[in-house]
Amino acid sequence: MRLLFLGSGEFGLPTAKMLYAQHELVGVVSQPDKPAGRKRVLTSTPIAAWALEVGVALLRTENVNTPEFIQQVADVKADASVVIAFGQKLSEPFIEALGELTVNLHASLLPKYRGAAPINWAVIENEHKAGVSVIGLAQKMDAGPVYAEDSLVVDKTETAGELHDRLSLLGPGVVGKVLDDLAGGTLNPREQDHDKATKAPKLSKADGTVDFNQACEKVRARIHGLTPWPGCRVNWQCKATGETRTLTLGRVASVPDLSCLIGLESVEKAPAPGTVVQDHQVVTADGLVRLIDVQAPGTKMMPIADFARGHKLGEGDTLTMIYPDS
């Protein structure tokens with residue numbers, strides 16, 4: 001089968017590699033190079049870099065919907081196309097040029113978490129299960145018919161970045177099945193229950209913080225859901241120095257019980273939420289979160305034991321939410 005692949009982000013790499021190995025991958029469409037890093041060096045997308053490495057024909061454009069580019073894609077004469085984390089809205093004329101069937105791999109169990117950040121929101125909302133769906137393209141975001149799906153159990157210790165990597169490995173299996181069904185004439189799409197749709201809007205830097213006046217499980221889930229992007233930053237007021245700095249939290253463990261605090265006479269006498277207590281634990285509304293990985297500005301993310309050796313993070317310090325205008 002002659003296939004065209006449209007993608008930009010790393011999420012699509014496992015599936016792109018499967019298509020290259022098992023089908024005739026006649027072309028890859030990706031976003032143009034963009035400045036990246038502190039030095040703003042022009043950098044290819046992960047998909048474009050891979051296509052160049054293996055020698056697959058690579059097409060790059062800022063707008064796939066121009067008549068000239070639509071004709072260029074039509075000339076490839078693909079039988080079908082796969083879209084994963086591409087980054088541009090596709091017009092109906094462009095979709096028509098992509099072959100008999102065009103499917104998209106979306107990182108959620110639809111109709112839940114339609115939008116740009118489904119993995120982040122699945123972790124933030126403390127979902128027990130997450131997955132991927134292969135869907136037909138529709139002009140309404142992520143609303144097309146579902147051709148196949150697969151799922152896995154979310155581990156409470158993992159971040160959105162780690163879940164991203166695990167979910168990406170489900171892609172080859174479900175996309176491969178849909179292509180086999182297409183070849184065999186056995187496609188069996190199901191319509192989504194649009195009344196049960198939920199949204200997963202894009203996150204910004206301003207979203208990257210947490211309120212310790214919430215339950216410990218909710219605090220843990222939000223911190224993990226924001227890691228590594230956009231990151232979870234808090235104001236850290238150091239009792240020893242009196243200084244306030246920014247601290248990025250990477251991984252924590254929830255402790256849904258305040259009784260472990262030595263000398264605590266009653267829950268009512270617990271320190272205020274956001275207070276750092278023994279063993280680098282932080283008080284929440286109903287328990288604690290234990291800091292595991294943290295990062296100060298200008299440093300790398302590191303285990304809390306390593307961080308504490310070089311920084312005065314200790315009992316009596318406070319961690320507070322960063323507000324957008326602060």
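Where a number appears in this text, it was derived from the coordinates with a stated rule and is not lab data. Just so we're clear, the structure is a prediction, and the values are computed from it rather than from any experiment. Quick reminder, even Gly has a Cβ in these numbers, built from the backbone with ideal geometry, and neighbours come from all protein chains shown.
From most to least packed by mean Cβ count within 10 Å, the peptides 74-84, 27-37 give 74-84, 27-37. Remark: segment 165-175, residue by residue, has Karplus-estimated 3J(HN,Hα) of 5, 5, 5, 4, 6, 7, x, x, x, 6, 5 Hz, where x stands for each Gly or Pro and the curve is 6.51 cos²θ - 1.76 cosθ + 1.60 at θ = phi - 60°.
Find out how many positive minus negative residues lie around T227, taking Lys and Arg as positive, Asp and Glu as negative, among other residues whose Cβ is under 12 Å from that of T227. Working shown, then result.
On the way: positive: R220, R222, R233, R251; negative: E158, E162, D293.
Net local charge, T227 excluded: +1.
Rounded to the nearest Hz, the phi-derived 3J(HN,Hα) couplings of segment 301-312 under the Karplus curve 6.51 cos²θ - 1.76 cosθ + 1.60 (θ = phi - 60°) are 5, 8, x, 4, 5, 5, 4, 5, 5, x, 9, 8, where x marks glycine and proline.
For R114, the residues whose amide H sits under 5 Å from its own are T198, K199, A200, ignoring neighbours fewer than 5 places away on the same chain, with H placed 1.01 Å from N.
Among 52-59, 273-280, what's the highest-first ranking by average C-beta atoms within 10 angstrom per residue?
Ranked by mean Cβ neighbours within 10 Å, highest first: 273-280, 52-59.
Cβ crowding within 10 Å, taken as a proxy for footprinting-reagent exposure, orders Y20, Y323 from fewest neighbours to most as Y323, Y20.
Count neighbours as other Cβ atoms within 10 Å of each site's Cβ, and list the trypsin sites (Lys or Arg not before Pro) in segment 12-55 that are DSSP loop with at most 16 such neighbours. Here the sparse-neighbourhood loop sites are R38, K39, R40.
Sequence-distant contacts, meaning Cα pairs under 8 Å at least 6 residues apart, place the relative contact order of the chain at 13 percent.
Separation of segment 277-320 from segment 1-66 is 40 Å, based on Cα centroids. With 28 Å as the limit, the listed pairs K34/K112; K17/K39; K112/K300; K112/K177 have K34/K112; K17/K39; K112/K300 beyond it between alpha carbons.
Going 7 Å from the Cα of E191 along its beta-carbon direction, which residues of segment 139-171 have the amide nitrogen within less than 14 Å of the resulting point? Those under the cut-off are 143-146.
Once the piece of chain linking Q71 and K129 is laid out straight, how much longer is it, given 0.36 nm per residue of separation minus the C-alpha distance between them? Let's see the in-between values first.
On the way: separation 58, 0.36 × 58 = 20.88 nm, distance 4.15 nm.
Gain on stretching Q71 to K129: 16.7 nm.
Over segment 2-196, what is the relative contact order in percent, taking alpha-carbon pairs closer than 8 angstrom and at least six residues apart? Kindly include the intermediate steps, with their values, before the conclusion.
Working: 357 pairs, mean separation 38.4, N = 195.
RCO, segment 2-196: 20 percent.
Each peptide among 229-236, 190-197, 241-248 gets the average number of other Cβ atoms lying within 10 Å of its residues, and from highest to lowest they stand as 229-236, 241-248, 190-197. Distance from the Cα centroid of segment 142-209 to that of segment 219-233 is 21 Å (rounded to whole angstrom).
Where does helix 216-225 land angle-wise versus the long Cα axis of the chain, in degrees 0 to 90, nearest 10? With both axes taken from Cα atoms, the answer is about 40 degrees. In this simple spin-label model, placing a label point 7 Å from the Cα along the Cα-to-Cβ direction at both L42 and E62 gives a separation of 1.3 nm. When the helices of the chain are scored as -39500 (n - 2.57) per DSSP H run of n ≥ 4 and the total is divided over every residue, the value at 222 nm lands at -7000 deg cm²/dmol.
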